[in-house]
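Novice: One structure is given below, represented as structure tokens, and several questions about it will come after.
The values are calculated or read from the model by the stated rules, or taken from the named source; none is laboratory data. Model, not experiment: these values are computed from the prediction. Backbone-built Cβ (ideal geometry, glycine too); neighbour counts: all protein chains shown. Remember, those area values only see protein heavy atoms, side chains included, never the ligands or the DNA or RNA. Shrake-Rupley method; radii C 1.70, N 1.55, O 1.52, S 1.80 Å.
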Amino acid sequence: MSLTDKFGRPITDLRISVTDRCNYKCVYCRTGNDGALYSDLAFSEYLRMCRVLVSLGITKIRITGGEPLLRRGVIDFVKELRSLDADEALDIALTTNGHLLAELVQPLKDAGLNRVTVSMDAVDRERFARITRVPDGFDNVLSGIRAVREAGLWPVKVNCVLMRGFNEDQIAAFGRFAREEGVVVRFIEFMPLEEDRVWSPQVVVRLDEILQRMAEYMPLVEIPHALSETARRYRFEDGVGEIGIIAPVSHPFCGHCSRIRITSDGKIRTCLFSVWDHDLYGLMRRGASDEQLEQFIRDVVQRKEERHHIGEADFVPASRTMVHIGG
Ligand code: SAM
């Protein structure tokens, strides 16, 4: 079985948000106060959605949020996801801010997790606090990253959203960090998905500038990568250390997008920039069979948007911000 959209793109990658609560308030994502919340579902409900999607050809599931580690049941959820595929081919990944990761990473690995990506937007402690609006999170996140490495979940990926005025001067320091810590640092161009609506083209730190700033520390050489990979991959000139750049604004990769998302309240989103979502949970609640869910998902996939319109005159903001979508 496989899912293909009307542009011929195979849909193999699911990102599922298990909560839209978060213990961080990163400037590029959330607003400074608590903000409105949608609801979380029981893990058994996410599991049923995943089971149906895996039967339709999804081969990668990334658990995200909000902050997914705020839900302690996440370890059992990983175990149950792992039991969905007898031949262990399913790739199960997690995106987290790392605050609670140090103690959870080994149990998560034992449950069947394959990969972890940790968000960290500055290597400077004070800058980190300014971006996350959390005064004392830095040490937790650093311990979390090191714990992933010690647990042997390779490669350890660290995501850094760049926002002019906040952290563009951290690029070279992140280069050093990647080499010293043995992690892949991936810079992400800031997208207009934040609660505070402060996005403008000028705030985006683009791929070319990232390469230029890194070259002042040490030049990068591009590594060939699969077209469906969101990140362009680079190694340092001397062969030590890897950097990724995810450049949805300056170098969109929509033509190779293989993703769909499920929000914490059970809606399918076919694009980060969708202006509507599709109520899978509503259908489940009304007693739909697995076959009816399958048909619904197939129909929804046919409506996947061709591309985003960031920076264009006809850009319409997404109907949800990142924390309520699940990045
Ligand atoms: N709480 C987890 C975390 O911090 O990784 C998971 C959820 S977070 C929404 C997922 C990813 O989205 C993070 O890597 C974050 O940096 C990224 N993100 C959030 N808002 C963004 C924006 N406006 N533009 C680009 N990336 C964004």
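Novice: Grab the helices (runs of 4 or more DSSP H) fully contained in the range 103-207, keeping just those with 1 or more residues being touching a His at 6+ places or on another chain (Cβ under 7 Å) and surrounded by 18 or more Cβ atoms within 10 Å (Cβ to Cβ).
Specialist: 138-150
Novice: Here's another thing I want to ask about it. Assess whether residue 86 counts as being aliphatic (A, V, I, L, M), at pLDDT below 95 and more than 20 Å from the chain's Cα centre (by Cα).
Specialist: yes
Novice: Need pairs with beta-carbon distance below 9 Å; first residue hydroxyl-bearing (Ser, Thr, Tyr) and within the range 185-211, second within 12 Å of the ligand (Cβ to nearest atom); sequence gap 6+ or separate chains.
Specialist: Matching pairs, first to second residue: 200/192.
Novice: Quick one: which of 62, 51, 30, 71 is within 13 Å of the ligand (Cβ to nearest atom) and farther than 30 Å from residue 245 by Cβ?
Specialist: Working: 62 fails: farther than 30 Å from residue 245 by Cβ; 51 fails: within 13 Å of the ligand (Cβ to nearest atom); 30 fails: farther than 30 Å from residue 245 by Cβ.
So the residue among 62, 51, 30, 71 that is within 13 Å of the ligand (Cβ to nearest atom) and farther than 30 Å from residue 245 by Cβ is 71.
Novice: Inside the range 58-84, can you point out the residues that are assigned to a loop (DSSP other than H, G, I, E, B) and open to solvent by 20 Å² or more (accessible area, probe 1.4 Å)?
Specialist: Residues of the range 58-84 assigned to a loop (DSSP other than H, G, I, E, B): 58-59, 65-67, 71-73, 83-84.
59, 71, 72, 73, 83, 84, listed by residue number.
Novice: Let me ask something additional. Go through 136, 76 for me and flag whichever is more than 15 Å from the ligand (Cβ to nearest atom) and out of contact with any Phe, Trp or Tyr (no Cβ under 8 Å at 6 or more places or on another chain).
Specialist: Answer to the selection: 136.
Novice: Please go through the range 301-314 and give me each residue that is more than 14 Å from the ligand (Cβ to nearest atom) and surrounded by fewer than 19 Cβ atoms within 10 Å (Cβ to Cβ), ordered by number.
Specialist: Matches in the range 301-314: 302, 303, 305, 306, 307, 309, 312, 313, 314.
Novice: Right, another one. Mind listing whichever residues of the range 3-22 are assigned to a loop (DSSP other than H, G, I, E, B), touching a Ser or Thr at 6+ places or on another chain (Cβ under 9 Å) and within 16 Å of the ligand (Cβ to nearest atom)? Reasoning before the result, please.
Specialist: Our first condition is that a residue be assigned to a loop (DSSP other than H, G, I, E, B); within the range 3-22, this holds for 3, 5-9, 11-12, 18-22.
This time we only want the ones that are touching a Ser or Thr at 6+ places or on another chain (Cβ under 9 Å), so: 3, 5, 9, 11-12, 18-21.
The answer is 18, 19, 20, 21.
Novice: A further question follows. Considering only the range 241-260, I want to know if a residue exists there that is part of a strand (DSSP E or B), charged (D, E, K, R) and open to solvent by 50 Å² or more (accessible area, probe 1.4 Å).
Specialist: The answer is no, given that none of the residues of the range 241-260 is part of a strand (DSSP E or B), charged (D, E, K, R) and open to solvent by 50 Å² or more (accessible area, probe 1.4 Å).
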